[in-house]
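A short worksheet on the structure shown next.
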Amino acid sequence: MIFFKMPRLAIGRRTASLPIVQGGMGVGISLSGLAAAVARRGGVGVIAANGIGMIEPDYYADGRAANIRAMRSELRKAREKSSGLIGVNIMVAANDFQQLLDVCIEEKADALFMGAGLPIKNIPVARIRAAGIAVVPIVSSGRAADLIFKYWAKAYADVPDAVVVEGPLAGGHLGFRAEKLQDADQQLEVLVPQVIAALAPFAAAFRRKIPVIAAGGIYDGADILRFLKLGAQGVQMATRFVATDECDADRRFKEAYVACRPGDIGIIKSPVGLPGRAIRNPFLENAAAGVRNVKRCAWRCLEQCDIRHADYCISVALDNARQGLLDQGFAFCGANAHRVDKIVPVAELLDSLKQEYESAFVQSLVTLKDDSIQAIERKFAGLRHDYAQARQHLLCLRREAEKAWETRRESLREDYERALRLAEKFKAEYDVALKKLNDLKVRFPEKLAELQAIARRFPAEPLPIPAR
């Protein structure tokens, strides 16, 4: 078993063998074909609900009904093709959000990815839970995540199962003001830890894991590893899955990704009032120049989009691009679309992502080893410096001790000589006294016994005087 394999991703009751969510791409870019191919290989395949009815022949007659029919059909097709995890990306802002949500509940999609608005009010949580469906809001800030979870906790006594945090390098409509896209504090590397921190209290309160899925600009296996190290449990990737055989768009749409260069990718102002990242082409250049390319609105799919003031219908433009008619539409894309150099099968793409991840993991271990060795060397150098200082201090103490001992030894020598002089003085006095005693013995024999008693009170031998 390779210990550095990609980890699994658990969302609600289901677990994907790869921590990769294929991003939902409307209009009609990620349908059952792409979603099922990703799910078969262990990722989370996602069908985009936005404008899904445009693949139906009667969309312009009844867009709402076409969307509902196509949503149900694509979910069933995906189920027939794969037993893996199939999710649906639904725009909260869409006018048929509730009807599409009902279809997903009835068809028991594995997960609902809800973006383009806050999924808070009128969410049929009890029905969603009964169907065993996971709910995954798409946010662009920790504040938005906190707002959604607080509302759910209060209104539904429940919280969503995971969160996708989408950074400013994503394709399509972006949850940032155009002038904020380059701000350092808005980058995905900053947003992921913020969202993780915002969700921590709810994970504790509801005693469940709430994975954070990083999205926007993630291109290869090294990127996946980088964001997993930041604390994310998975990543969402969309741009890479466009250039696959199974992507549901026309091949000409995919080839636009392969052909684009960094300078071809830019930020546009969408008719819905949001900035979006797309591949520039004559259609968009004409729109920017004020050329109106709009005939009619099929139906009011978005409340904030007013066809009377729009240069084009974005749903029609995206559907034209899906069909390969790029002179009548355009392709949304992520910031790294210019790195795509070929169209490959989903299986090959996922295999390459796994290999890149494993290579990056091994390289991170090598880097960690090198960093550890450098850290040890720095520590050793510090210890060597500390040892040198300690040794110098000990030498100083030794010199001071030797100096102090010399001073003390001289003092002891002087004390010794004074004591010696006193001893010699006492010896001389003793000798005199002993001589007098012996003289008295001779002169006064009758006092001999008494004198002997006195003599016994003194040593028989002279006091020992040490030599110099």
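Coordinate-derived values only; no laboratory data. Bear in mind that the values here come from a model prediction, so they are computed numbers and not experimental data. For neighbour counting, all protein chains shown are included, and Cβ atoms are generated from backbone atoms with ideal geometry for every residue, glycine included.
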Rank these for me by crowding, I68, I210, going from fewest to most other beta carbons within 10 Å. I68, I210
Express in whole angstrom the spacing between the alpha-carbon centres of the stretch 426-452 and the stretch 320-367. 125
Specify the angular offset, from 0 to 90 degrees and rounded to the nearest 10, of the alpha carbon long axis of helix 142-156 from the longest principal axis of the alpha carbons in the chain. 70
Report the antiparallel proportion of the DSSP beta bridges in the chain as a percent, rounded to a multiple of 5. 30
Sort S411, S30 by Cβ crowding within 10 Å, fewest neighbours at the top. S411, S30
Return the loop-located trypsin sites (Lys or Arg not before Pro) in the stretch 30-129 (DSSP other than H, G, I, E, B) with at most 15 other Cβ atoms within 10 Å of their own Cβ; answer none if there are none. K108, K121
Extension gain, A259 back to R391 (0.36 nm per residue minus Cα-Cα distance, nm): 40.7 nm
Of K81/K108; K209/K229; K81/K209; K154/K209, which pairs sit farther than 22 Å apart, going by alpha carbon to alpha carbon? K81/K209
Aspartates and glutamates whose Cα lies under 18 Å from that of K150, excluding same-chain neighbours fewer than 8 positions away: D158, D161
If each residue's Cβ is checked for other Cβ atoms within 10 Å, how do W152, W405 rank with the fewest at the top? W405, W152
Set the bar at 21 Å for Cα to Cα. Now go through K425/K447; K269/K295; K180/K269; K254/K354; K5/K77 and name every pair that lies beyond it. K425/K447; K254/K354; K5/K77
Using only Cα atoms, find the angle between the long axis of helix 188-206 and the longest principal axis of the chain, and express it within 0 to 90 degrees, rounded to the nearest 10. 80
